[in-house]
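See structure below.
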Amino acid sequence: MIRRHDPGRALGLRIWGLIRKETRQVARDPSSVLIAVVLPLLLLVLFGYGVSFDPRRISIGLVVEQPTAETGSFTTSLRSVRFFDVRTSRDRRAFEAALVAGRLNGIVVLEADFAGRAARGDTAPIQVIVDGSDPNNADLVRNYIQGAWANWLEQEALSLGQQTHPPVVLAPRVWFNPGVSSHHYLVPGSIAIILTLIGALLTALVVAREWERGTMEALLATPVGVLELLIGKLVPYFALGLGAMALSVATAVLLFEVPFRGSFLLLALVGAVFLFTALGQGLLLSTVTRNQLAASHGALLSAFLPAFIFSGFVFEINSMPWPLPWISTVVPARYFISSLQTLFLAGNVTSVIGLDLLAMALIGSVFFALTALKTKTRLE
Amino acid sequence: MDEPLVLIDGLTKRFGPGQRPAIERLTTRIEPGRVTGLVGPDGAGKTTLLRLIAGLLLPDEGRLAVCGFNTAADIGEIRRVVAYMPQRFGLYEDLTVLENLTLYADLRAVVGRERQEAFERLLTFTDLARFSDRLAGALSGGMKQKLGLACALVRKPRLLLLDEPSVGVDPISRRELWQMVYALVDQGIGVVWSTAYLDEAERCPEALLLSEGRLLYGGPPTELTHRAAGRTYAIREMEGDRRAILARALGRPEVMDGVIQGRSVRLLLAEGAEPPRPENVEAGAHAQVVPVPPRFEDAFMILLGGARANSPFAALARQNTVDGAVVEASVLTRRFGRFVAADRISFSVRSGEIFGLLGPNGAGKSTTFKMLCGLLRPSSGTAWVTGVDLATAPGLARARLGYMAQRFSLYADLSVQQNLDFFAGIYGLSVRAGREATARMVETFDLTPYLAASAGLLPLGFKQRLALACAVLHDPDVLFLDEPTSGVDPRTRREFWAHINAMVERGVTVMVTTHFMEEAEYCDRIGLVYRGQLIASGSPDELKVQARSATAADPTLEDAFIALIEAYDRKAAA
């Protein structure tokens, strides 16, 4: 039995009571299960299967005005590129309509004197027409055809017994992601988006809900303190977030076969520190707004969108114009994604992860300091 | 026990610059060992005062000591000795009864055997032991209220603050709640009970009457009521139209205030005035004017300076009356899943009649009401308005009815003129007809000085006028009112009913839902809805007769309500 003058145990009891209450609510609230389990799986599947920056099958129309041995060997060489889906014709007009309609990504024209021009070493022996309305794709098609062309030239020279002497030989070797598969960095990145949603959105909702339903007023009239309230809210969602992260990592590794080269212990630490900042942000939002609708809008605008845009998840931070890279330095997801990609693809690179941890801890502390300042045990 | 529980001296609380203070220079004391009623209409400052006492708000000026502690400096002590039950009970609806109690026991450090004893005591006290595993959200209003009370009492406080505990609670639960509070007082707990129902003040040995943040009266309510002694009369055995008789009585200089009570009219006289004679108000040959005991509300009206509200509607031309039933419900049933919210409800309302649907929250009166104004489709049965079937021609029927939602809901950030124009538009009035109708309303309700003002900033009385104007803009045959004046101060309520009575005189039919007994008294006939069924109907006087017993020779409408529901429950149990 606790005597009234035992403040330490009374404090522990209050915190435990709040945690237990919150956990029961989480377990009974279908929306928290939705956000913690269904949403991560949905997002992972979406990013794992739906989004990819790798070249897909590219439809090329190849116009051969006068078939010769050379055009034949060029056609074969073009067909051997695994991204290309090559159709041939003798008349370019057959393809122009298809290009306009978007059924073709590009047209390659080999004119009647192709063989002669190629032999003379003309600068433009072939003509490439691409659909510039989709610049990304156009660039891709242009580059691939250029590569194929260079390749073919070299092959031709070899087969003719001539020796080409390129001044520099490029022997590219891609580190960490040898297949240059976009899944390998998109899937770890989406884990950060998921945790941002769980941390910021879920917590933003739950504190605001207490205000809206009038239960906060009843809580505040008891001997409960600010820190106890915050801890009581934090612990269950922290556990929920770590659980969601474990689920996401397992899905990434087992289903999408993303390699994981770091240590799980370090991953847990990085995830915990990031959750700390996301939860802090969510708590701050709902404490300031006291309204579920405003808090959820706030969470989407100030946590989810920046995590999507400014984190390097999709858009490269280094190629952003000034001052956007500066803005990204206060987006905690940026550091989390950096750590996640490092842990998944590179391993325990402590110099990177250490800095990321520091930055996240700093941002999180600011959120919590502000929340503690804004949360009062009064209604004012 | 000389030390007061709460000492308030010159207390002022403001919520924003330029606004009227929510509490203004309030000085009073709250004594231990009794129930103190904190009485006043909505917006009087009751909740603000309770929050100040609970230390949830800090005073701007003045001194406030609770159990000898300062609410700013000794907040920890205050939280230990004061229990506070906010409006809407402060319960977690997704936790069970027991889990709610456990949380508050954790927060107040009640553990071990002490906790066990407290839970047993409270569950017995509130009669909730049977429901300890039920989710709080699945409890009725009355049971939620009891659970809220139990949570506040997990550790015995010195001071218990209850913010409008009787709102949304049926009369039976309300009576039980009062018995529980009296039991707490016997244990030495000081209780503050805030309420907008003036009749509840009479149950408190001490009452603080608040109006617009100021203390109008503090002391035993009987003492205040006594000021109205000898000034209250009832006209009984009247013949003719009681609404017209009331209007004539209110037109006389000696009458300060008057209300309809079933077949009688109750009058409050000016100081030293003689009561009017029955022939003065054309009440019929057999009418008698007899003295009746004063009520707390009479005294409040004296403090407010009386209400001699005359409705401009009385001056307007009489509308065409419709023959036969204007509103008719025929075996109306509405199911939500397996739950039957309205079960074979039938009644009909004649032209120029006020019909009230009375019943506890959740009984099915709102469901019935919504089916009658075409907002909800019945599962079976038919609803007619002015002879039009709502199921087949809802648009036509709705054009004939006006609807005023609870507590004057208007577009607060639109001006008065914009609100009127908007409603003229949605009623489908042509531009010209709309302009004429809004001009007529502005003139009738004297809204000219406020035309450009935002509706949200209007004084309460004008908000009410505007809401009514918007509901009757298109000259409806039937007016539907959803709890129109609960929580409103008596003067504003008198004015509202003066308008309604004048409209009824012109041939408009009125449907009211209410759980508020005084509103029910204005009705010509009442249908009592309970557990989805219409268990009784008749004039207020007829219902009172049904409840007359050896112990209650002159039952109030509330007594009748309780007796009828208890009789129904007994029959259902048998």
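Read-outs throughout are calculated quantities, based only on the coordinates presented, and are distinct from any laboratory measurement. Everything quoted here is computed from the prediction, not taken from an experiment. Virtual Cβ from ideal backbone geometry, glycine too; neighbours counted across all protein chains shown.
Key figures for this structure:
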item	result
Rounded to whole Å, sorted largest first: equivalent-ellipsoid semi-axes of the stretch B:409-475, Cα gyration tensor	18, 12, 10
Sorted peptide list for B:12-20, B:148-156, B:241-249, criterion being average Cβ within 10 angstrom, highest first	B:148-156, B:241-249, B:12-20
Neighbouring partner chain Cβ atoms per residue of A:205-215, average, 10 Å criterion	2
Residues B:PHE339 and B:ASP389, FRET efficiency given R0 of 35 Å [Cβ-Cβ distance, rounded to 0.05]	0.85
Cα Rg, Dmax (largest Cα-Cα span) when computed across chain B, Å	24.8, 76
Enclosed volume per residue, in Å³, of the convex hull spanned by Cα atoms of the stretch B:6-219	117 Å³
Within-13-Å neighbourhood charge of B:GLN546 [Cβ basis; K, R +1; D, E -1]	-2
Ratio of Rg to Rh over the stretch B:362-511 (Cα coordinates, Kirkwood Rh, two decimals)	0.97
Per-residue [θ]222 nm for chain A (sum of -39500 (n - 2.57) over DSSP H runs n ≥ 4, rounded to 500)	-18500 deg cm²/dmol
Options A:VAL207, A:GLY12, B:ALA118, ranked by Cα towards positive dipole end of the protein assembly as shown, top entry (Cβ charges)	A:GLY12
Between helix B:141-152 and chain B: long-axis angle, C-alpha atoms, 0 to 90°, nearest 10	20 degrees
Computed E for A:ARG290/A:ASP6 - FRET, C-beta separation, R0 30 angstrom, nearest 0.05	0.35
Semi-axis lengths, Å, the stretch A:58-159, gyration tensor of Cα atoms, sqrt of 5 times eigenvalues	22, 15, 12
Residue-averaged beta-carbon neighbours from other chains (10 angstrom radius) around B:89-102	4
FRET efficiency, B:GLN418 to A:ALA98 (Cβ-Cβ, R0 56 Å, nearest 0.05)	0.45
For B:CYS204, B:CYS470, order by how many other beta-carbon atoms lie within 10 Å, fewest first	B:CYS204, B:CYS470
Within the protein assembly as shown, percent of DSSP bridges classed antiparallel, to nearest 5	55 percent
Ranked packing of B:171-184, A:88-101, A:30-43, B:499-512, most packed first, by mean Cβ within 10 Å	B:499-512, B:171-184, A:30-43, A:88-101
Relative contact order [Cα under 8 Å, 6+ residues apart], chain B, whole percent	13 percent
Relative contact order of the stretch B:409-475, defined on C-alpha pairs under 8 angstrom at six or more residues apart (%)	50 percent
Computed over the protein assembly as shown, Cα set: Rg, Dmax in Å	38.2, 135
Estimated 222 nm signal from helices in chain B, with DSSP H stretches of n ≥ 4 weighted -39500 (n - 2.57), rounded to 500	-10000 deg cm²/dmol
Of B:LEU57, B:LEU107, B:LEU5, farthest towards positive along the dipole that unit charges on Lys, Arg, Asp, Glu beta carbons give the stretch B:1-143	B:LEU57
Helix runs (DSSP H) in chain A reaching 18 Å along axis by Cα, Kyte-Doolittle at least 0.5	A:183-196, A:226-254, A:264-289, A:350-374
Net charge dipole size for the stretch B:409-475 [Lys, Arg +1 and Asp, Glu -1 on Cβ; Debye, nearest 20]	20 debye
Mean Cβ count within 10 Å, highest first, over the residues of peptides B:412-422, B:482-492	B:482-492, B:412-422
Exercise: per-residue mean of other protein chain Cβ atoms within 10 Å, A:13-21	5
Options B:THR392, A:ALA372, B:GLY487, ranked by Cα towards positive dipole end of the protein assembly as shown, top entry (Cβ charges)	A:ALA372
Cα-centred dipole magnitude for chain B, charges only on beta-carbon of K, R (+1) and D, E (-1), debye, nearest 20	940 debye
Estimated dipole of the protein assembly as shown in Debye, rounded to 20 [Cβ of Lys and Arg +1, of Asp and Glu -1, Cα centre]	1240 debye
Chain A, relative contact order [Cα under 8 Å, separation at least 6], %	19 percent
Over 32 Å between alpha carbons, listed pairs A:LYS21/B:LYS13; B:LYS156/B:LYS571; B:LYS370/B:LYS571; B:LYS156/B:LYS544; A:LYS233/B:LYS365	A:LYS21/B:LYS13; B:LYS156/B:LYS571; B:LYS156/B:LYS544; A:LYS233/B:LYS365
Beta bridges by DSSP in the stretch A:58-159, antiparallel share as percent, to the nearest 5	30 percent
Helix B:557-573 axis, angle to chain B major axis (alpha carbon atoms, nearest 10°)	80 degrees
Whole-angstrom gap from the stretch B:13-69 to the stretch A:310-358, using each part's C-alpha centre	53 Å
Normalised alpha carbon radius of gyration of chain A [divisor 2.2 N^0.38 Å]	1.38
